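Participant: Below you will find the structure I want to go over with you.
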């Protein structure tokens, strides 16, 4: 049994930060490697096209990580730290209500867990900054040479989030009914259904309809700077 009584699980993009971290970091990474913006626009359009065609988010998530095929993991992690260091200075970088909720859970001694389809390069600096205890995220595969293969093991989207949340609750010896979940998109619904205290952030119509049906709290997705939270 762990020493904590409950856990709080947070989606990241548009729940804790106002940006889509994968797109923002991809732009940063490609620019570091000489892109004038054209490759980023091509890759971003391809990813958005998948969503526009109604394909599952998992498809786009796996396609995304192909952009890092052959890249040294250490270099990508270093780029992630640099990207986040710049990002956190933006005046609207953070979802104020989401980060405030995270701070309340930290103060209460709860286990704070980030759950995201993004990956360690983007998420680890954020977790350290906000004081999260764990990160459950997508896991691009790494070869014996220490470089990303372009393939993905876990894609932390949809049902995978709820399974990871349930597994973590079990590992910590907690009751799901005591735990909290925060999300902004319909793809977070499985995760929110896996805990006893779901909280919706923002105006996603699917989540807001469920919130109205079940009496879930809904928080604003308005952004603010780090000094405001």
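The values are calculated or read from the model by the stated rules, or taken from the named source; none is laboratory data. Since this is a predicted model, take the numbers as computed values, not measurements. No Cβ is skipped: glycine too gets one built from the backbone with ideal geometry, and neighbour counts run over all protein chains shown.
Participant: Determine if the range 208-215 includes at least one residue that is in contact (Cβ under 8 Å) with a residue 12 or more places away in the chain, over 18 Å from the mean Cα position of the chain (by Cα) and under 14 Å from residue 7 (Cβ atoms).
Facilitator: No: the range 208-215 contains no residue that is in contact (Cβ under 8 Å) with a residue 12 or more places away in the chain, over 18 Å from the mean Cα position of the chain (by Cα) and under 14 Å from residue 7 (Cβ atoms).
Participant: Determine whether the range 65-84 contains at least one residue that is more than 30 Å from residue 172 (Cβ to Cβ) and at pLDDT below 95.
Facilitator: yes
Participant: Okay, moving on. Where residues in the range 198-213 are out of contact with any helix residue (DSSP H, G or I) (no Cβ under 8 Å at 6 or more places or on another chain) and closer than 15 Å to residue 182 by Cα, which of them is surrounded by the fewest Cβ atoms within 10 Å (Cβ to Cβ)?
Facilitator: Only one residue fits best here, namely 203.
Participant: Let me ask something additional. Please enumerate the residues belonging to the range 104-129 that are more than 29 Å from residue 68 (Cα to Cα) and either surrounded by 14 or more Cβ atoms within 10 Å (Cβ to Cβ) or in contact with a helix residue (DSSP H, G or I) (Cβ under 8 Å, 6 or more places away or on another chain) (or both).
Facilitator: Across the range 104-129, the qualifying residues are 105, 106, 110, 111.
Participant: Please indicate, with yes or no, whether at least one residue in the range 175-192 is assigned to a helix (DSSP H, G or I) and out of contact with any helix residue (DSSP H, G or I) (no Cβ under 8 Å at 6 or more places or on another chain).
Facilitator: Looking for residues that are assigned to a helix (DSSP H, G or I) and out of contact with any helix residue (DSSP H, G or I) (no Cβ under 8 Å at 6 or more places or on another chain), one finds at least one in the range 175-192, hence yes.
Participant: In the range 138-155, which residues are surrounded by 20 or more Cβ atoms within 10 Å (Cβ to Cβ), modelled with pLDDT of 95 or more and in a loop (DSSP other than H, G, I, E, B)?
Facilitator: 138
Participant: Which residue is farthest from the chain's Cα centre (by Cα), if the candidates are limited to the range 31-40 and must be more than 11 Å from residue 76 (Cα to Cα) and outside any loop (DSSP other than H, G, I, E, B)?
Facilitator: Per the criteria, the residue is 38.
Participant: To continue, here is another question. Would you pick out the residues in the range 54-103 that are in a strand (DSSP E or B) and under 18 Å from the mean Cα position of the chain (by Cα)?
Facilitator: Result: 94, 95.
Participant: Go through (1) farther than 25 Å from residue 107 by Cβ; (2) in contact with a strand residue (DSSP E or B) (Cβ under 8 Å, 6 or more places away or on another chain); (3) buried (at least 17 other Cβ atoms within 10 Å of the Cβ); (4) without any contact (Cβ under 8 Å) to a residue 40 or more places away in the chain one by one and return the number of the condition residue 162 breaks.
Facilitator: Every condition holds for residue 162 apart from (2).
Participant: Looking at (1) more than 24 Å from residue 204 (Cβ to Cβ); (2) buried (at least 17 other Cβ atoms within 10 Å of the Cβ), which is the only condition residue 72 fails?
Facilitator: All conditions pass for residue 72, except number (2).
Participant: Against the condition free of Cβ contacts under 8 Å to residues at least 40 places away in the same chain and out of contact with any helix residue (DSSP H, G or I) (no Cβ under 6 Å at 6 or more places or on another chain), how does residue 101 come out, does it pass?
Facilitator: No.
Participant: Quick check: is even one residue across the range 111-127 in a loop (DSSP other than H, G, I, E, B), farther than 24 Å from residue 157 by Cβ, in contact with a strand residue (DSSP E or B) (Cβ under 7 Å, 6 or more places away or on another chain) and touching a residue at least 60 places away in the same chain (Cβ under 8 Å)?
Facilitator: Scanning the range 111-127, I find no residue that is in a loop (DSSP other than H, G, I, E, B), farther than 24 Å from residue 157 by Cβ, in contact with a strand residue (DSSP E or B) (Cβ under 7 Å, 6 or more places away or on another chain) and touching a residue at least 60 places away in the same chain (Cβ under 8 Å), so the answer is no.
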